[in-house]
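S.K.: A single structure is presented below for examination.
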Amino acid sequence: MMSTHRFEDERFLRGTGRYVADINLENQLYAKIVRSVHGHANIINVDISEALMIEGVCGVYIEEDLAKDGVGPLPCTTKFSAEQPLVLAERFALARKKVRHVGDPIALVIAETEMAAQEGAELVLVDYEALPVVVNPVHAPLDGSPAIWSTAPDNIAYRFKKGEQKKTLVAFGQAAHIVDLDIENNRVMALPIEPRAGIGEYDEQNDIMRLTCTAQGVHAIREQLAHSVFSLDEERIQISAPDVGGGFGLKNFLFPEWVLLLWASKKYKRAVKWVADRAEDHSASLHGRDIRTTAKLALDTEGRFLALQAKLTANMGAYLSAGGPNASTNSAPTAMGGIYKIPFIYMESVGVFTNTTPIDAYRGAGKPEANFIIERLIDAAASRCGFDPVELRLLNAIDEFPHETAFGMRIDSGSFRENIQKASEYIEKSSFSDRKNRAHGKGLLRGLGVGCFLETARGAPQEGASITFTSTGRIELRVGTESNGQGHETTFKQIASTRLGVPIKTLDYIQADTEQVSIGFGHGGARSMHMGAGTMALAIDSAIKKAASVAAILLQTEERELSFEKGLFSTNMDERSISIGEVALAARNPDIGTGFGENGIDTFYKREEAPFTFPNGCHAAEVEIDPDTGSISLINYVMVDDYGSLVNPVLTEGQLHGGVAQGIGQALEEFVAFDPDSGQLLSGSLMDYTAPRAAFFPFFKAHFNQIPTEANVLGVKGVGQAGCIAAPQVITHAVLNALEKYNIDHIQMPITSQSLWRSIRAAQ
């Protein structure tokens, strides 16, 4: 397909996008949350008397008030086969007797104005008994560390393992080379430009609670609210999301604020609005990554990989978020070993509670961590054992398809070696030594890094989509995935327009609304094109098939004598034709005798099961380092990626650029820091949490190697996570290559100018 400029851009660029913060309902109230200033403490007393004296404050509530109404805890929905059963610590919308991280919600203030709510919140006095904290997941299970939950005295939330341990150990025993690394995948913030926000409404006449919120998966959030929190039928809770200003995994999940807004709106029979400030989003939303790994790679004399072993310690924070354990259990193994032939892989994972903000999915959710492990080990093996890092990757890259990995993932297609070769060519590896020498003449260190990635895209294996032909001639598309800025309103319409042969302007795309979309499994896991658009295409094909039978009746011919092109059913014997819109209207006429009833050819299609797709690629980067200051300049960045058939190459590249920027940010700048003694968040604002600026990046050069997949009718693989997966190892490798004169072959992220300067000084 050809690239089409995003239809969404007109309202975004003109400032007419409709976000939650833009919505104000008649007679609405405002909510503010009183949050813990301690990392770990008993709540002795909450004094609300002064807050209630503020004009405009309607009420102040604590967890006991919610408990009286039977409001249940927020669930952890992750399911996996655990070696040690999952400790399901109860997380309530307001803290019960104890707070376990800075930002933990304690009290809810409801007021007539936002200012009154804020004043009231500031006057809620909480009497704490401070308790010892633990923020380092490595220290948390050790004797003497404070227990965060009585049900987990060792602070271990779960133990998980996967793979054949004995065969892996045998392979290590036969190895000519064994390379090991201790790897930290640093804690980061998703940092969407739009903070979380929501509006709760209660429809008293129909006894329905409605929530408008910043969300990526409205159906899943509704299910959790209905079944776990309020014990209601799902139909009595309706959730919708307007324009969403980025999510990156963060907005997939149920938050305490969604519970509070719905509860308060029902209590007051009025709409209640809450918009997070940036500090709240930093401390009280969710963080990502924070996995420490001890990893080993076994190689034979020629450099062929024999086995991989990884032991992960995953920081879960103070509570288990809905999908928190997934990254280090179900998700990581799907990509463990990356694009390489590795006969045996064994993985162990332990999830640990700490007095920090809970962890959940952040762009890739386990796949970036898994890819980082193997890619770092490969570069370390090249450095320590005398292999060329590019040649080592070429030697071990999967080159026959389908290929089944050590963990049973069936990779159906790809051209991994070609990606590596092209990336090396486009980064001009052959002439790099000349550029390095010129940099040396200026007193600078120049480095070139290469790294590959394998994404496993699908998320939930089910999805639903429908197509509706209206009496006005418009066609409505309803799909259970949700855009957070990716351009679904454009790409989904493109696909439908091409398949139906109708003008794109006649199509309406409807998403993120449980009242209008019957089922949906949301956005996450780079699944929107594969699962969402793929299912929509099947719904369209089914509708066309229905329409063909009606067209045959209307044109008084046999169905086999019809052809369908450019929105018209035509007879093969003469020039008679009829549009699909005309057919759709006729199909509702009972006199025609189609048997389709009042819905005519309208079609709902649910895909019950689908395989993974495997987006993949090779990236390369060049950096320059000033050894006197440790400052890093990113000179060049090249991508050669395979996302299957491309629906809209411009939007694909946009997704890729965004992911790469986030991955580079993690590699060089971004890091969530807590004070080890108090649990205070030290990176609680954008003054302290360093996000990369556009001026730092070079012009990214993207090249696409389109190898279609058979996992869906479109041949697409998914791009949403890719750049974020690839960039951290590529940047790390480029930096280490620049430091080779100092014999430094490992450094932890983020590689800040300070940490780099210290590494150089220590090596001199």
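S.K.: Looking only at region 247-268, which residues are assigned to a helix (DSSP H, G or I), under 30 Å from VAL188 (Cα atoms) and among the hydrophobic types (A, V, I, L, M, F, W, C)?
M.R.: Within region 247-268, LEU250, TRP258, VAL259, LEU260, LEU261, LEU262 qualify.
S.K.: Moving on to the next point. Checking the conditions here, which among SER471, SER549 is outside the structural domain of GLY718 (by TED's automatic domain parsing), part of a loop (DSSP other than H, G, I, E, B), more than 19 Å from GLY718 (Cα to Cα) and out of contact with any strand residue (DSSP E or B) (no Cβ under 9 Å at 6 or more places or on another chain)?
M.R.: Exactly one residue qualifies, and that residue is SER471.
S.K.: Let me ask something additional. Take the residues in region 720-748 that are aliphatic (A, V, I, L, M) and under 30 Å from MET531 (Cβ atoms), then tell me which one is surrounded by the fewest Cβ atoms within 10 Å (Cβ to Cβ).
M.R.: ALA727
S.K.: Please tell me if GLU63 is in the same structural domain as GLY246 (by TED's automatic domain parsing) and at pLDDT below 95.
M.R.: Against the criterion (in the same structural domain as GLY246 (by TED's automatic domain parsing) and at pLDDT below 95), GLU63 does not qualify.
S.K.: Yes or no: region 442-462 includes at least one residue that is assigned to a helix (DSSP H, G or I) and free of Cβ contacts under 8 Å to residues at least 12 places away in the same chain.
M.R.: There is no residue in region 442-462 that is assigned to a helix (DSSP H, G or I) and free of Cβ contacts under 8 Å to residues at least 12 places away in the same chain.
So that you can scan it fast, the table gives a plain yes or no per residue for (1) in contact with a strand residue (DSSP E or B) (Cβ under 9 Å, 6 or more places away or on another chain); (2) buried (at least 19 other Cβ atoms within 10 Å of the Cβ); (3) among the aromatic types (Phe, Trp, Tyr); (4) not in a loop (DSSP other than H, G, I, E, B):
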{"site": "ILE544", "(1), (2), (3), (4)": "yes, yes, no, yes"}
{"site": "ALA584", "(1), (2), (3), (4)": "yes, yes, no, yes"}
{"site": "ASP628", "(1), (2), (3), (4)": "no, no, no, no"}
{"site": "ILE635", "(1), (2), (3), (4)": "yes, no, no, yes"}
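S.K.: Could you check GLY525 against (1) of a type outside the set (Val, Ile, Thr); (2) at pLDDT 95 or above; (3) within 30 Å of THR709 (Cβ to Cβ) and say which number it fails?
M.R.: With respect to (1) of a type outside the set (Val, Ile, Thr); (2) at pLDDT 95 or above; (3) within 30 Å of THR709 (Cβ to Cβ), GLY525 is out only on (2).
S.K.: Also, I was wondering about something else. Give me the pairs: first residue in region 466-481 and closer than 16 Å to GLY597 by Cβ, second residue loosely packed, with under 15 Cβ neighbours inside 10 Å and of a type in the set (Gly, Ala, Ser), beta-carbon distance under 8 Å, and six or more apart or on different chains, which are they?
M.R.: SER466/SER518
S.K.: If a residue has to be of a type in the set (D, E, K, R), closer than 24 Å to ALA215 by Cβ and either loosely packed, with under 13 Cβ neighbours inside 10 Å or over 32 Å from the mean Cα position of the chain (by Cα) (or both) to count, how many in region 18-64 make the cut?
M.R.: Within region 18-64, residues that are of a type in the set (D, E, K, R), closer than 24 Å to ALA215 by Cβ and either loosely packed, with under 13 Cβ neighbours inside 10 Å or over 32 Å from the mean Cα position of the chain (by Cα) (or both) number 3.
S.K.: Considering only residues of region 65-98 that are hydrophobic (A, V, I, L, M, F, W, C) and more than 20 Å from GLY351 (Cα to Cα), which is surrounded by the fewest Cβ atoms within 10 Å (Cβ to Cβ)?
M.R.: ALA67
S.K.: Looking at (1) surrounded by fewer than 19 Cβ atoms within 10 Å (Cβ to Cβ); (2) under 30 Å from LYS267 (Cα atoms); (3) without any contact (Cβ under 8 Å) to a residue 40 or more places away in the chain, which one does ILE221 not meet, given that it meets all the others?
M.R.: Status for ILE221: all satisfied but (1).
S.K.: Considering (1) under 25 Å from PHE387 (Cβ atoms); (2) β-branched (Val, Ile, Thr); (3) over 27 Å from the mean Cα position of the chain (by Cα), say which one ILE208 fails and leave the rest.
M.R.: (1)
S.K.: Right, next: Restricting attention to region 224-258, report how many residues are touching an Asp or Glu at 6+ places or on another chain (Cβ under 9 Å), of a type in the set (Gly, Ala, Ser) and surrounded by fewer than 24 Cβ atoms within 10 Å (Cβ to Cβ).
M.R.: Total meeting the criteria: 4.
S.K.: With in the same structural domain as HIS403 (by TED's automatic domain parsing), modelled with pLDDT under 95 and not in a loop (DSSP other than H, G, I, E, B) as the only criterion, which of GLY659, GLY665, GLY654 stands out?
M.R.: The match here is GLY654.
S.K.: Considering LEU448, LEU477, which residue is closer than 29 Å to ILE398 by Cα and of a type outside the set (Gly, Ala, Ser)?
M.R.: Unique residue meeting the criteria: LEU448.
S.K.: So, in region 126-166, exactly how many residues are touching a strand residue (DSSP E or B) at 6+ places or on another chain (Cβ under 7 Å) and polar (S, T, N, Q)?
M.R.: Residues flagged as touching a strand residue (DSSP E or B) at 6+ places or on another chain (Cβ under 7 Å) and polar (S, T, N, Q) within region 126-166 amount to 2.
S.K.: Same structure, new question: Taking region 637-660 as the search range and keeping residues that are under 24 Å from PRO389 (Cβ atoms) and within 21 Å of the chain's Cα centre (by Cα), which one is surrounded by the most Cβ atoms within 10 Å (Cβ to Cβ)?
M.R.: Step by step, filter region 637-660, then rank; the result is MET639.
S.K.: If we scan region 601-618, do we find a residue that is assigned to a loop (DSSP other than H, G, I, E, B) and either over 30 Å from VAL716 (Cα atoms) or without any contact (Cβ under 8 Å) to a residue 60 or more places away in the chain (or both)?
M.R.: Checked region 601-618: no residue is assigned to a loop (DSSP other than H, G, I, E, B) and either over 30 Å from VAL716 (Cα atoms) or without any contact (Cβ under 8 Å) to a residue 60 or more places away in the chain (or both).
S.K.: With respect to MET531, is the statement that it is crowded, with 24+ Cβ neighbours inside 10 Å and either of a type outside the set (Val, Ile, Thr) or closer than 17 Å to LYS606 by Cα (or both) true?
M.R.: Judged against the criteria, MET531 is a match.
The values are calculated or read from the model by the stated rules, or taken from the named source; none is laboratory data. A quick note: this is a predicted structure, and the numbers were derived from the prediction, not measured. Note: ideal-geometry Cβ built from the backbone for every residue, glycine included; neighbour counts use all protein chains shown.
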